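None of the figures in this text is laboratory data; all of them are computed from the coordinates on show. All figures in this text were calculated on a predicted structure; none of them were measured in a lab. Every residue, glycine as well, gets a Cβ built from its backbone with ideal geometry; the counts of neighbours run over all protein chains shown.
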Amino acid sequence: MDFANNLNWDLVLRRNYVANPTPNEPQGFLPIPPITVSVDRFTLLIGASSNSAKPTWRLAAFVSPRLLFSPSSTSDYISAVQSEKSQAVLLNRLNLIAFTDFGLSPYLLEISIPRWYREIDLEIWKYTESAT
């Protein structure tokens, strides 16, 4: 693996998410709902920042893979299987995340933003160097 070669990284997502304001909620807004992104690689760089974050905040999100399969068409559960524990994404830095490759691609990357964020910027890169 050659992580330092920027030609081996492809941008998956760069987007700002904003909580919906509502006067009926105690905080004055509805939390940002979980975000899902289709990804076809298992080594990722994930960055997150927020202009509204307090200086003491460190956690930006939790991410986990959701594999797209089901044991049966009669299962009571949706075909988005959590294959491992969520990993923390820290604020204001790129986080190297490596999930287990079960040979099922693409998969959904589920991103859970803590409920106290009013807005957050996310950037996701996938490692694409192919074995030669």
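Explain nothing, just compute: Karplus ³J(HN,Hα) = 6.51 cos²θ - 1.76 cosθ + 1.60, θ = phi - 60°, for every residue of segment 51-56 in order, whole Hz, x for Gly and Pro.
3J(HN,Hα) across segment 51-56, in whole Hz: 5, 9, 6, 6, x, 8.
Long-range amide H contacts for ALA60: which residues qualify at under 5 Å (H placed 1.01 Å from N, peptide plane, sequence gap of 5 or more or a different chain)?
Long-range HN contacts for ALA60: VAL89, LEU90, LEU91.
Which shape class applies to segment 6-50: rounded if a/c is under 1.5, otherwise prolate when a/b exceeds b/c and oblate if not, where a ≥ b ≥ c are the square roots of the Cα gyration tensor eigenvalues?
It comes out prolate by the Cα gyration axes.
Tell me, which longest segment in the chain has none of the GluC sites (Glu not before Pro) that fall in DSSP loops with at most 14 further Cβ atoms within 10 Å?
The segment 1-83 is the longest one with no such site.
Taking just the C-alpha trace of segment 11-127, give me its Rg and Dmax in Å.
15.4, 48
Find how many whole Å separate the alpha carbon centroid of segment 1-56 from the alpha carbon centroid of segment 87-132.
What the calculation gives is 8 Å, centre to centre.
Residue farthest toward the positive end of the dipole of segment 11-127, with Cβ of Lys/Arg at +1 and Asp/Glu at -1: which of ALA88, TYR107, ILE35?
The residue sitting farthest along the positive end of the dipole is ALA88.
List the residues whose amide H sits under 5 Å from the amide H of VAL12, counting only those 5 or more places along or on another chain, with H placed 1.01 Å from N in the peptide plane.
Here the answer is ILE124, TRP125, LYS126, since their amide H atoms fall under 5 Å of that of VAL12.
Which loop-located chymotrypsin sites (Phe, Trp or Tyr not before Pro) does segment 1-40 contain, where loop means any DSSP state but H, G, I, E or B and the Cβ has at most 13 other Cβ atoms within 10 Å?
Qualifying residues, ordered by number: PHE3.
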